[in-house]
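The values are calculated or read from the model by the stated rules, or taken from the named source; none is laboratory data. The model shown is predicted, which means the values in this text are computed figures rather than measured ones. We place every Cβ from the backbone using ideal geometry, glycine too, and count neighbours over all the protein chains shown. The protein model used for the area step is the full one, side chains on, heavy atoms only, and it has no ligands, DNA or RNA in it. Shrake-Rupley method; radii C 1.70, N 1.55, O 1.52, S 1.80 Å.
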Amino acid sequence: MKPFAYVRATSLQEAAAAYASHPGSRYIGGGTNLVDLMKHDVETPDTLIDLTRLPLHDIRELPTGGLRVEAGVSNTDLAVHPLVRTRYPALSQALLAGASGQLRNVATTGGNLLQRTRCPYFQDVSKPCNKREPGTGCAARDGVHRDHAVLGHSEHCIATHPSDMAVALAALDAEIELYDGEHGTRRVAAAGFHRLPGEHPERDTVLRPGEIVTAVLLPPPAPGAVSLYRKARDRASYAFALASVAAVLALHDGRVRHVALAFGGLAHRPWRATTAEERLTGAVPTDEAVREAVDAELAAARPLPDNAFKVALARNLARDAVATLVRSAPGAPPARPQP
Amino acid sequence: MAARERNPLRQQQAAPPSAPGPVHSRVALRVNGRSHVLDLDNRVTLLDALRERLDLTGSKKGCDHGQCGACTVLVDGRRANSCLLLAVTLDDSEIVTVEGLAAPDGALSPLQQAFLDHDAFQCGYCTPGQLCSAVGVLREAAAGHPSHVTGADAPADTARPVVLSAEEIAERLSGNLCRCGAYNGIAEAVAACAAAGTPDRTPPPTPDVIA
Ligand SMILES: Cc1cc2nc3c(=O)[nH]c(=O)nc-3n(C[C@H](O)[C@H](O)[C@H](O)COP(=O)(O)OP(=O)(O)OC[C@H]3O[C@@H](n4cnc5c(N)ncnc54)[C@H](O)[C@@H]3O)c2cc1C
Ligand code: SF4
Ligand code: FES
Ligand code: FES
């Protein structure tokens with residue numbers, strides 16, 4: 001690990017100013033991803049700006065009925081919060097499906113959003129990787145890529161974004177609040193926060209250099225909406241998603257009034273399934289209708305030689321998730337008698 | 001505090017030309033009830049500070065990347081992987097390691113005793129991390145924290161303890177790997193403590209003892 005200076009920021013202004021004067025800096029939240037990458041020399045900051053002592057540890061209900069989650073809130077505290085569990089179960093479930101108890105105690109909301117890909121070549125400085133070092137090539141394409149993307153990848157990078165939480169936030173129409181010393185505060189939709197790789201896989205998100213994630217804003221849940229998170233992985237716990245889905249559903253008179261589906265583990269960002277959502281909105285959510293909608297979404301998949309299994313996995317997860325929500329949503333059609 | 005000058009972690013690095021400030025810091029830590037003030041290279045993890053500077057070698061280094069749990073300690077009462085925490089970020093924190101679980105007279109904590117009673121280890125390398133993690137598991141369940149396997153219909157009431165079934169224990173301890181496969185004994189030991197309602201006897205913040 002390279003030596004670095006350390007700044008314990010006590011205000012957002014101070015943190016942003018420290019970054020502005022040392023562009024080789026990195027912010028540190030819980031450090032569970034950054035310290036790991038520093039040990040691999042993938043990250044080599046000359047200064048660490050510690051955000052954990054900023055007063056950003058609150059979860060507050062908003063007058064609109066939504067929720068404001070500050071960036072320093074730990075993954076544990078967010079997952080177990082009674083309002084999150086009751087109003088945004090998909091978010092609580094996504095967090096609890098990620099990492100381990102001891103990691104979630106330390107990991108922060110801001111750091112979770114900004115964690116880097118788990119592509120093994122990204123983590124190995126002896127290998128070519130366009131994300132780590134633009135222009136060097138992509139070792140994964142002809143290498144081990146079973147865990148890599150099937151949607152939205154480019155010739156430059158086929159990595160996936162590893163966060164479970166971000167997938168739930170995309171489906172819940174959350175917004176991310178950002179601060180920078182020069183422009184002040186702005187908000188971006190969680191579903192548009194992470195990027196597709198295109199020609200610039202080195203940019204994971206739309207964050208500008210030096211910008212700080214200050215909060216996640218959850219809108220009030222759609223009336224009658226239910227939500228859940230499903231994750232498929234190689235072992236039952238403590239593993240990243242091969243594929244996952246966050247689903248939100250509200251019914252009215254047996255028809256879909258609101259639906260949101262986001263896939264994890266399939267792309268460089270949480271994948272909002274807008275094609276499937278359009279097909280399902282207003283429809284009676286029969287197994288047939290759900291299957292067609294999900295298949296239409298996944299028709300865009302371009303799997304690599306070793307990860308075609310992810311398409312079927314995602315399809316099954318999504319169908320099962322929507323079917324489960326249809327059964328539990330208020331306004332569901334009465335269960336059909338068994339033949 | 002033992003002086004270990006031969007330890008490279010101890011040697012101060014000159015700031016590289018690019019570094020915009022000192023690359024070492026003064027860090028105050030309370031560990032198992034004792035206060036320590038250390039001058040540390042900013043790169044030193046909590047795990048290395050414990051093992052190499054404070055001679056507390058109970059916490060183990062398995063992977064050094066957050067993947068095995070052998071380094072688990074309690075930081076301000078919560079379990080955490082000490083290999084991924086930079087000591088400099090923990091100034092003024094309260095740390096409890098496996099060495100701090102027993103009573104000052106050496107009497108084992110109920111969890112430690114249960115690990116003996118239930119054959120919860122073979123080589124013992126993962127045991128300090130398992131013990132500290134299990135203290136966290138018992139506290140989290142007592143505080144009503146759900147886990148991945150807790151039913152979504154469980155009451156979202158932080159005052160209602162979660163009952164630790166075998167499935168719950170396996171899920172909640174999944175961040176602690178055991179190469180010897182002593183999982184059954186570990187789960188039984190934790191279940192015995194959960195059932196006995198003796199969460200843990202980790203020292204509550206004690207009056208300061210100056211090292
Ligand atoms: C063994 C292991 C298993 C894991 N399994 C999973 C899993 O199954 N699912 C999952 O989703 N995650 C998993 N994780 C990843 C874990 O969730 C992340 O490491 C964690 O959420 C990162 O949060 P942090 O606060 O520690 O971030 P840090 O490591 O502190 O920071 C991560 C990045 O975000 C930047 N940053 C941090 N906070 C801010 C801010 N407020 N504003 C701007 N930039 C900021 C940092 O500069 C850094 O680039 C796993 C990690 C490990 C080690
Ligand atoms: S997939 Fe992306 S992150 Fe992985 S080696 Fe290729 S360019 Fe790098
Ligand atoms: S040594 Fe820290 S998790 Fe393995
Ligand atoms: S007892 Fe040997 S690793 Fe667990």
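Starting from the Cα coordinates of region B:110-196, work out the convex hull volume and express it per residue in Å³.
Working: hull volume 6.9 nm³, N = 87.
It is 79 Å³ per residue.
Sorting A:308-320, A:164-176, A:81-93 by their mean Cβ neighbour count within 10 Å, with the most densely packed peptide first, gives A:164-176, A:81-93, A:308-320.
Restricting to DSSP loop positions (anything but H, G, I, E, B) with no more than 12 other Cβ atoms inside 10 Å of their own Cβ, which trypsin sites (Lys or Arg not before Pro) remain in region A:206-276?
Numbers: sites: A:Arg230, A:Lys231, A:Arg233, A:Arg235, A:Arg255, A:Arg257, A:Arg272; in loops: A:Arg233, A:Arg235.
Those that pass, being in a loop and sparsely packed, are A:Arg235.
Pulled fully out, how much extra length does the chain show between A:Asp320 and A:Ala283, if you take 0.36 nm times their separation in residues and subtract their Cα-Cα distance? Please list the in-between numbers first.
Values: separation 37, 0.36 × 37 = 13.32 nm, distance 1.73 nm.
Length gained, A:Asp320 through A:Ala283: 11.6 nm.
Model label points for A:Arg118 and A:Glu199, set 7 angstrom from Cα along the Cα-to-Cβ axis, are 3.2 nm apart. How large, in percent, is the carbon and sulfur part of the accessible surface of chain A at a probe radius of 1.4 Å? Carbon and sulfur: 52 percent of the exposed surface of chain A. The count of lysine pairs in chain A whose Cα atoms are under 19 Å apart, excluding pairs fewer than 8 places apart on the same chain, comes to 4. At a Förster radius of 22 Å, what calculated FRET efficiency corresponds to the Cβ-Cβ distance of A:Asp253 and A:Arg327, to the nearest 0.05? The pair A:Asp253/A:Arg327 has a calculated efficiency of 0.85.
The charge dipole of chain A, taken about its Cα centre with unit charges on the Cβ atoms of Lys, Arg (+1), Asp and Glu (-1) only, comes to about 640 debye. In this entry, region A:136-251 is assigned a mean projected area of 9.6 nm², taken as a quarter of its C-alpha convex hull surface. With a 1.4 Å probe and all protein chains left in place, how much accessible area per residue does the protein assembly as shown have, in Å²? Dividing the accessible area of the protein assembly as shown by its residue count gives 41 Å². Interface residues of region A:19-45, defined as those losing at least 10 Å² of solvent-accessible heavy-atom surface relative to the isolated chain (probe radius 1.4 Å), are listed as A:His22, A:Ile28, A:Gly30, A:Thr32, A:Val35, A:Asp36, A:Lys39, A:His40. Measuring how big region A:15-112 is from its alpha-carbon positions, Rg and Dmax come out at 15.2, 45 Å.
Summary of the geometry: region B:118-167 and region A:1-34, compared by the centres of their Cα atoms, lie 34 Å apart. Separation of region A:95-136 and region A:204-250, taken as the distance between their Cα centroids, equals 16 angstrom.
Pairing the Cα long axis of helix A:287-298 with the longest principal axis of chain A, what angle in degrees results, from 0 to 90 and rounded to the nearest 10? The angle comes out at about 30 degrees. For region B:20-57, a drop of 50 Å² or more in accessible area on going from the chain alone to the assembled protein chains (1.4 Å probe) is found at B:Pro20, B:Arg43. Interface B-A: total buried accessible area of about 3600 Å², 1.4 Å probe, protein heavy atoms only. Against chain A, whose longest principal axis comes from its Cα atoms, helix A:12-21 is set at around 60 degrees.
Looking at the P(r) of region A:194-289, how many percent of alpha-carbon pairs lie beyond 24 Å? Could the numbers behind the result be given before it?
Working: 1821 of 4560 pairs.
Percentage above 24 Å: 40.
Using a loss threshold of 30 Å², tell me which positions in region B:131-171 are less accessible in the complex than in their chain alone. Probe radius 1.4 Å, ligands and nucleic acids ignored. Output list: B:His145, B:Pro146, B:His148, B:Ala156, B:Thr158, B:Glu171. Computed over the protein assembly as shown, the Cα gyration tensor eigenvalues convert (square root of 5λ each) into semi-axes of 38, 30, 22 Å, ordered from largest to smallest.
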